[in-house]
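Q: Mind looking over this structure? Questions follow.
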Amino acid sequence: MTGILEKIVAAKRVEIAALKRAEPLEKVRAAAQAAAPALDFAGALRGARPRGGAGEANIIAELKNRSPSKGEFPWHGDVTRQVRAYEQGGAKAISVLTDEPFFGGSPQLLREIKVITGLPVLQKEFVLDAYQVVYARALGADALLLIARILPGSMLGELVHLARECGLATLVEVVDGQELARAAQAGAEVIGVNNRDLGTFTTDLHHTLALLPHFNEGQVAITESGIHTREDVEIMMEAGVDGFLIGEALMVAPDPAAHLRLLRGLPQTEAAS
């Protein structure tokens, strides 16, 4: 690991230690067991569209306050308004950044979104410890991001298995062929290719295009980062992508619902399905 990612991981280890002291595992486990059943995240992203065909895009719409590469997003700050826009635009699921130091998120933000929406909610976090998996379910998350780059050895598979035991879906994020193979070995169902270099935070859509031929038929292929236009979406869909995780383009859009419909391939005057 290098650059920004290394700084995030170092800060996250300190945060996890403090969280464990504040909320012991037994308390968190009890809350996880008492949580409502998770919604079907993977099912929401599986469409009838044959892989490689054109049509409406399956989009996970992301909510975040800032990023290390772009700084603060100039949005209105009204979480309910943003979530309602995503629903009106036809998002299949919602992703929320809960990291505070680098992305301005919080666990409370996830709880708030779960109250507002009936869509599956993905907690986008830098997961390094089994505690965080149980904590995600306690918060009410339906799915959890696992980044292969920061989960060495058998840890990736162990956390995928633990999440499944907790009733939690996972989105396993990869950046190259070796990580894709590890994700498959771990039993990941939904796999996202991050087009952003986690060291420099630069983006290149060819990361996804290069890895798509190596996905198994049963895996759900998600592309992350760098998707801004309908042309970007169509290129990815023709190549075989099943779904998209889109944040920045929606966070800066004056009308997120309209931009989401545009990205999905719907007329701007058509109501969201």
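Q: May I ask you to verify whether Ile116 is modelled with pLDDT of 95 or more, surrounded by 21 or more Cβ atoms within 10 Å (Cβ to Cβ) and at negative phi?
A: no
Q: Can I ask one more? So which of Arg149, Arg137 ends up being closer than 11 Å to Ala38 by Cα and either assigned to a helix (DSSP H, G or I) or among the hydrophobic types (A, V, I, L, M, F, W, C) (or both)?
A: Selected residue: Arg137, the only one of Arg149, Arg137 that is closer than 11 Å to Ala38 by Cα and either assigned to a helix (DSSP H, G or I) or among the hydrophobic types (A, V, I, L, M, F, W, C) (or both).
Q: Out of Val14, Val83, Val96, Val28, I need the residue that is free of Cβ contacts under 8 Å to residues at least 12 places away in the same chain and either surrounded by 20 or more Cβ atoms within 10 Å (Cβ to Cβ) or over 27 Å from Ala258 (Cβ atoms) (or both). Which one?
A: None of the other options fit; the residue is Val14.
Q: In the stretch 43-68, what residues are surrounded by fewer than 23 Cβ atoms within 10 Å (Cβ to Cβ), closer than 15 Å to Gln219 by Cβ and at pLDDT 90 or above?
A: Gly43, Asn58
Q: Checking Leu39 against (1) surrounded by fewer than 16 Cβ atoms within 10 Å (Cβ to Cβ); (2) aliphatic (A, V, I, L, M); (3) modelled with pLDDT of 95 or more, which single condition isn't satisfied?
A: (1)
Q: Another question about this same structure. Pairs needed: first member in the stretch 242-255, farther than 20 Å from Gly218 by Cβ and buried (at least 23 other Cβ atoms within 10 Å of the Cβ); second member anywhere, at pLDDT below 95 and aromatic (Phe, Trp, Tyr); C-beta distance under 9 Å; at least 6 residues apart or different chains.
A: Cβ pairs passing all conditions: Gly247/Phe73.
Q: Could you pull out every one of the helices (runs of 4 or more DSSP H) wholly within the stretch 155-242 that has 2 or more residues that are more than 22 Å from Gly55 (Cβ to Cβ) and not β-branched (Val, Ile, Thr)?
A: Correct list: 155-165, 177-185, 206-211.
Q: Filter the stretch 168-208 down to residues that are in contact (Cβ under 8 Å) with a residue 24 or more places away in the chain and either among the basic types (Lys, Arg) or crowded, with 17+ Cβ neighbours inside 10 Å (or both), then give me how many there are.
A: Adding up the residues that qualify gives 27.
Q: Of the conditions (1) more than 30 Å from Ala186 (Cα to Cα); (2) of a type in the set (Ser, Thr, Tyr); (3) surrounded by 24 or more Cβ atoms within 10 Å (Cβ to Cβ), Thr223 fails just one. Which one is it?
A: Result: Thr223 fails condition (1) only.
Q: Still on this model: Would you please name the residue that is nearest to Gly90 (Cα to Cα), looking only at residues in the stretch 216-273 that are modelled with pLDDT of 90 or more and among the hydroxyl-bearing types (Ser, Thr, Tyr)?
A: Thr229
The values are calculated or read from the model by the stated rules, or taken from the named source; none is laboratory data. A quick note: this is a predicted structure, and the numbers were derived from the prediction, not measured. Heads up, the Cβs are rebuilt from the backbone with ideal geometry, glycines too, and the neighbour counts pull from every protein chain shown.
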